[in-house]
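Since the structure comes first, as structure tokens, the remarks are kept for the end.
The values are calculated or read from the model by the stated rules, or taken from the named source; none is laboratory data. On a predicted model such as this, the values are computed, not experimentally measured, just so you know. FYI the Cβ positions are ideal-geometry reconstructions off the backbone, even for glycines, and counts take in every protein chain you see.
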There are 2 protein chains.
Amino acid sequence: MTMKALGIHLLIELWSCNRQKIDNLDYLEKIMSQAAEVAGATVLKTAFQDFNPQGVSGVVVIAESHLTIHTWPEHGYAAVDIFTCGSRVNPWKAAGFLRQELEAGDMQIRDFQRGIPPTDEYGEGDTGFAKHVACGNLNR
Amino acid sequence: MTMKALGIHLLIELWSCNRQKIDNLDYLEKIMSQAAEVAGATVLKTAFQDFNPQGVSGVVVIAESHLTIHTWPEHGYAAVDIFTCGSRVNPWKAAGFLRQELEAGDMQIRDFQRGIPPTDEYGEGDTGFAKHVACGNLNR
């Protein structure tokens, strides 16, 4: 039986990153938007904030859900999320792109299906990337 | 040994929600901001988008990371994320608040520590809510 998820969500831990890069809001906003495009997603809105004495938080809202990043330059660490739906979008490509851009020495990814109904019968079906997805169109 | 995480991240599946509520952008933007406040977080920015024929996506950037929501009213489903850092913020309170507001018949939460360095020695220490956290101040 096919696992019918609505989306896939990657929780990404990036360590030993380039500390100047992960403390640069403009740069991060640019590459997070690029990461969305690399994944095949449609960027709708972004919201980024920098902190004192260091650190940046940012979100990229895409038609297919979101990307987020929170950085701790003092630790060389960035917490990234990539949540996408739709078979045309590949979050793994975005993950690889970000690892390269941020020059991370270590990357750990935990991946999750989102939106598998609790009433579905689980069995030995297809797993992995979401098989049944639903994404809305813009401009209501 | 204390597990030194930088933040805690809840992945929340809400099923059998009030379908009108989860299709209402203004309402969702309001309650997601309220949820952040219930958790003790500081709201910085929000970005919400509605879709055709239904569905809403939204992010609330907080000083302590973020809250996000993506809804599928046709399924009565909302995917919520609450990622917080800092010992003064309690994401579980926000989860309970949202379940109540959205009148969800079923809620499933998966919780994760974010930012545990790969070099730390894992052992039988304190677990659960992040013991060692770092959050930036605003206004760099």
For the subset of the stretch B:87-111 comprising residues that are in contact (Cβ under 8 Å) with a residue 60 or more places away in the chain and assigned to a loop (DSSP other than H, G, I, E, B), which member is farthest from B:Asp50 (Cα to Cα)? B:Gly105
What do you reckon, is A:Pro91 more than 14 Å from A:Ile12 (Cα to Cα) and either more than 11 Å from the chain's Cα centre (by Cα) or at pLDDT 95 or above (or both)? no
What single numbered condition from (1) in contact with a helix residue (DSSP H, G or I) (Cβ under 6 Å, 6 or more places away or on another chain); (2) modelled with pLDDT under 95 fails to hold for B:Ala63? (1)
For A:Val80, indicate whether it is closer than 19 Å to B:Thr46 by Cβ and buried (at least 17 other Cβ atoms within 10 Å of the Cβ). no
Which of the residues spanning the stretch A:1-35 are touching a Cys at 6+ places or on another chain (Cβ under 9 Å) and under 18 Å from A:Ala79 (Cβ atoms)? A:Ile8
Tell me yes or no: at least one residue of the stretch B:15-31 is within 22 Å of A:Val80 (Cβ to Cβ), touching a strand residue (DSSP E or B) at 6+ places or on another chain (Cβ under 6 Å) and not hydroxyl-bearing (Ser, Thr, Tyr). no
